[in-house]
Amino acid sequence: MAKVTRDDVARLAGTSTAVVSYVINNGPRPVAPATKEKVLAAIEQLGYRPNSVAQAMASRRTNLIGMVVPDARQPFFAEMAHAVERAASERGKLVLIGNSDYVDDREVHYVRAFLGMRVSGLILVSQGPSQRAAEEFAAMEGAKVVLLHRRPEAIDDVAVVTDDVGGAEAVVRHLLEVHGHPYVACFGGPVDSPAPGDPVIDHVEGWQRAMDAHGLPAEPHLIDAPFHRYGAYQVALGVLRSPDRPSAIFCSTDDQAIGVLRAAREVGLKVPEDLAVAGFDDVPEAALADPPLTTVASDRDAMARAAVDLVLDDSLMVPGSDTERVRKFPSRLVIRRSCGCDGEAPGRP
């Protein structure tokens with residue numbers, strides 16, 4: 001059987017090969033819906049399959065988006081990566097994912113590898129200051145990079161973030177004002193890892209603002225803990241067995257909070273009767289925790305779509321002021337039973 005070509009598709013659809021290319025590549029020029037349907041029908045009827053390698057060589061760009069995350073095993077990053085993949089699929093793109101494991105060398109390795117593959121763009125959930133990653137961007141002419149979730153000081157590219165400070169302040173004020181706790185302890189990140197621009201730093205800042213607003217000292221109640229549930233569980237065992245244990249804990253991540261809930265059960269404390277717990281991120285497991293976890297949600301789907309749109313559309317990557325280069329999405333307080341409220345039923349919209 002003779003190989004089906006783009007010319008064959010154009011003849012059957014009654015259009016030009018250029019229009020067929022616009023349909024296959026989702027641009028660069030728009031195609032009328034009726035014409036697009038004819039082209040897609042011809043592709044289906046003939047069984048035409050574009051040569052992705054040839055397309056990449058011609059355009060010097062692949063249909064791939066590179067994405068680097070600190071650890072895709074963590075629920076928040078897994079959710080974010082999945083949202084980016086959905087958004088990219090709607091634009092006819094595939095996503096390659098690399099895990100930096102919070103190691104600068106690994107982050108630079110994936111940045112260099114993805115840019116060398118001529119991806120259409122790179123979405124970076126950075127694990128640190130990333131001076132070396134910034135140097136890689138500068139060395140690769142025309143590289144399109146969008147920062148997601150955090151914006152390290154060393155990198156000046158467009159960023160898509162959520163209101164981490166405001167969300168953390170809201171949930172801590174809820175514990176203080178609605179439930180009347182004398183103070184709220186905070187599980188921050190590991191002592192040697194957070195840096196300016198890290199969402200965990202912003203969560204701690206939001207907690208501190210709420211404490212300051214109530215005239216409460218913050219520093220004595222800031223607890224260094226790993227981001228994941230296993231390390232937070234170990235730290236929480238020591239904190240909750242102390243005679244001067246807190247009556248409320250705000251965790252910088254839901255994964256930490258899930259570890260705290262487990263530790264509370266192990267030492268014989270009831271949540272929320274003996275201990276109120278709140279987190280940040282609203283991962284799926286938060287609604288099914290026992291008790292369901294009060295937390296702060298960000299619109300991950302909208303953030304993912306914004307990141308994909310920015311990395312693919314040159315018209316949106318316009319240099320501007322620092323404020324214009326950061327797209328900040330609102331956060332939302334999600335009340336469940338772990339704080340002491342009746343809360344919502346388990347499940348997610």
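Packing here is the average count of other Cβ atoms within 10 Å per residue, and on that basis the peptides 179-186, 144-151, highest first, run 144-151, 179-186.
Could you tell me which of the pairs 3/36; 36/93; 3/38; 93/328; 38/144 are separated by over 30 angstrom between their Cα atoms in the structure shown? Exceeds cut-off: 38/144.
Enumerate the amide H contacts of residue 282 below 5 Å, restricted to partners 5 or more residues apart or on another chain; note that Pro and chain-start residues carry no placed amide H. Residues meeting the criterion, in which the H sits 1.01 Å from N, are 254, 296.
Taking 7 Å steps out from each Cα toward its Cβ at residue 209 and residue 101 produces label points 3.7 nm apart. What area, in nm² and to one decimal, does the C-alpha convex hull of the range 164-298 cast on average over all directions? One quarter of the hull surface, i.e. the mean projection, equals 7.3 nm². Put a dot 7 Å past the Cα of residue 299, heading toward its Cβ, do the same for residue 273, and the two dots end up 4.0 nm apart. Extension gain, residue 328 to residue 45: 0.36 nm times the residue separation minus the Cα-Cα distance gives 97.4 nm.
Each value in this text was obtained by applying a stated rule to the coordinates, not by laboratory testing. On a predicted model such as this, the values are computed, not experimentally measured, just so you know. Cβ sites come from the backbone with ideal geometry, for glycine too, and all protein chains shown count toward neighbours.
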